[in-house]
Amino acid sequence: MLSKEIMLVLSEKQVQGLIDLDELIAALEQAHIQYSTGKAVMPVRLVVPLPQIQGRITSMPGYLNVDKALGMKVVTYFQNNPQQNLPAILATIMLFSAETGKMIAAMDGGYITAIRTACASALATKALANPDTPLLGILGAGVQARAHIQALARVRKLRRIKLYSPSGKSALGIKQDMEQQCGVPIDAVNSAQDALRGSDLLVTVSTAKEPIVKTEWLKPGVHINAVGSHRPDLREIDGATLARAKVVVDSREAIMAECGDILLALKEKSVGDNVIHGEIGEVLAGAKAGRSSVDEITLYKSVGIAIQYVATAQLVYRNALERNVGTNVDI
């Protein structure tokens, strides 16, 4: 084991090599159970706008008591970064000793953000979707669409994927890059409606400000992973779908502070105050029921929460120590 005076630094490429998707899904399941059974500490994320420098900084601290895992994700957004060949969004995750508070690891958060999000959707799919879900529909064709194809293929047998992006180019790019890799036919379709019709699983990973999911397009029994809306002004799901579905969330507190899908539906009174059935951790712990029938529509709404990043970083850190990966820095 490393001395408590040593901090481990891990690059994005190193992090990517240390994550097994099945391991990560299992770690996230346990983290959510801890969170929803009172064995974790996690405030809502703190977002600090910095208009003076055309950016913002966000902090997401959390602690998992059973795992003794203490950490924080820090995200910066600088809109002009692409002009300097840098991503607009940059993320770092730090781990700290639960005994002393000393920093024990710092790692790039880019890949973790992508794959953690998709693996959380995969664990919700395991818990809530029908066992047979051959057709996956995806709205949005960015990094998250790619990650969700990888993660969902670990928990369900997919036979066809329908992918929609407004330009069409991004969807075709994923088809070209991933169709052979995942061994599933991928169709780039012409509309959101085309992607939804007949789908057994649905993933929304768009930047929509107005609903792109209409309840009349949904197949009975579909399970929806609603990921894209993570701010009060963003909305992918219409109120009628929320009213019709069993809605399970990553965190009630985070959803009620940040999620436009639900906040705007409440404002327009298309749903009532009881719109949230429970947290995914409550379902996994057996405190709340999951799917009740083959034809029930289930919806997992996530905004991304700190305990997911802490659990992922802890898994990466342990694997790094076992495999002697990373750079040791004496602090």
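So which GluC sites (Glu not before Pro) in region 235-316 are both in a DSSP loop and have at most 11 other Cβ atoms within 10 Å of their Cβ?
Filter output for region 235-316: GLU268.
Gaussian network model of the chain, Cα springs within a sub-10 Å range: biggest mean-square fluctuation belongs to which of SER251, SER199, SER59?
With Cα springs under 10 Å in the chain, the top fluctuation among SER251, SER199, SER59 is at SER59.
What percentage of the solvent-accessible surface of the chain, computed with a 1.4 Å probe over protein heavy atoms, is contributed by carbon and sulfur atoms?
52 percent
Of the beta bridges DSSP finds with both residues in the chain, what % are antiparallel, to the nearest 5?
So the antiparallel bridges in the chain amount to around 50 percent.
Just the accessible area per residue of the chain, please: how many Å² with a 1.4 Å probe?
Per residue, the chain has an accessible area of 44 Å².
Which angle between 0 and 90 degrees, to the nearest 10, do you get for helix 306-323 versus the longest principal axis of the chain when only C-alpha atoms count?
Rounded to the nearest ten degrees, it is 50.
Express as a percent, rounded to the nearest 5, the fraction of DSSP beta bridges in region 1-139 (both residues included) that run antiparallel.
90 percent
With θ set to phi - 60° and the Karplus curve 6.51 cos²θ - 1.76 cosθ + 1.60, what are the ³J(HN,Hα) couplings of region 143-150 in order, to the nearest whole Hz, using x for Gly and Pro?
After applying 6.51 cos²θ - 1.76 cosθ + 1.60, I find 4, 5, 4, 4, 5, 5, 4, 4 Hz.
Count the net charge of all other residues whose Cβ sits under 12 Å from the Cβ of SER36, scoring Lys and Arg as +1 and Asp and Glu as -1.
-2
Given 0.36 nm per residue, what is the gain on full extension from ARG154 to LYS13 after removing their alpha carbon distance, in nm?
Here the segment from ARG154 to LYS13 would lengthen by 48.6 nm.
So if each residue of separation counts as 0.36 nm, and I subtract the Cα-Cα distance between SER292 and GLU23, what length gain in nm does that give?
Length difference between fully extended and current span is 94.1 nm.
The values are calculated or read from the model by the stated rules, or taken from the named source; none is laboratory data. This one's a predicted model, so the numbers in the text were calculated from it and none came from an experiment. Every residue, glycine as well, gets a Cβ built from its backbone with ideal geometry; the counts of neighbours run over all protein chains shown. Ligands, DNA and RNA are excluded from the accessible area calculation, which covers all protein heavy atoms including side chains. Shrake-Rupley method; radii C 1.70, N 1.55, O 1.52, S 1.80 Å.
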